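No value in this document is a laboratory result; all are computed from the given coordinates. Since the structure is predicted, the reported quantities are computational estimates derived from the model, not experimental observations. Cβ coordinates were reconstructed from backbone atoms using ideal geometry, including for glycine residues, and neighbour counts include every protein chain displayed.
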Amino acid sequence: MFAETMAVNTASRATMNSVGLHYQRTVHREWDYPLPGSERGEVEYAITRTQWLRRAR
């Protein structure tokens, strides 16, 4: 499973981390109408099925 959010969205990043997802990378995309903070990119978090099942024990 994976999730992504803006790098500046610390609340979403904390939530992803708290449920066991791990930071994967930061990507920078071109937007027609960029939101404030978009210059810092978007971050991806992920967890494998094995990691999730191991965490649930």
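Assorted remarks:
- Placed amide H near H22: partners under 5 Å, 5+ positions off or other chain: A46, I47
- Karplus-based coupling profile of segment 26-32, in residue order and whole Hz: 10, 10, 10, 10, 8, 10, 5, with θ = phi - 60° in 6.51 cos²θ - 1.76 cosθ + 1.60 and x standing for Gly or Pro.
- Full-extension gain in nm, T48 to A3, via 0.36 nm per residue minus C-alpha separation: 15.0 nm
- Alpha-carbon spread of segment 2-55, three principal axes, descending order, Å: 41, 18, 12
- For peptides 16-29, 38-51, sequence by mean Cβ density within 10 Å, most packed first: 38-51, 16-29
- Relative contact order [Cα under 8 Å, 6+ residues apart], segment 2-55, whole percent: 48
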